[in-house]
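Q: Would you mind keeping the following structure in view while I ask a few things?
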Amino acid sequence: MSTPMQTALQVFKANDNQGFRTLMRGNEPWFVHLDVCRVLGLGNPAEAAARLDDDEKDRAIFDTPGGPQS
């Protein structure tokens with residue numbers, strides 16, 4: 001994993017109107033893991049994350065009204 005970086009979130013709406021938060025890393029969209037698990041009905045996000053390769057996951061820091069969060 002690389003060092004957390006500050007980035008801007010965007011929301012992508014799926015056909016069922018559930019939102020995925022996304023961010024761009026280079027020219028690639030990255031999706032917030034928790035959102036993907038929620039929409040797909042996966043009950044254990046940590047278990048799902050364990051199945052991803054290291055180059056398929058990372059951390060990012062986002063500005064929120066309560067301050068920066070990852």
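Q: Give me the accessible area of residue 38, 1.4 Å probe, in Å² rounded to the nearest 10.
A: For residue 38, solvent-accessible area is about 120 Å².
Q: If you don't mind, another one. Any idea what the relative contact order of segment 11-70 is, in percent, if you count C-alpha pairs under 8 Å spaced at least 6 apart?
A: Over segment 11-70, the number comes to 16 percent.
Q: Got a number for carbon plus sulfur as a percent of segment 13-70's accessible area, 1.4 Å probe?
A: Carbon with sulfur: 51 percent of the solvent-accessible area.
The values are calculated or read from the model by the stated rules, or taken from the named source; none is laboratory data. Given the structure is predicted, the values throughout are model-derived calculations rather than measurements. Note: areas computed on protein heavy atoms with side chains; ligands, DNA, RNA excluded. Shrake-Rupley method; radii C 1.70, N 1.55, O 1.52, S 1.80 Å.
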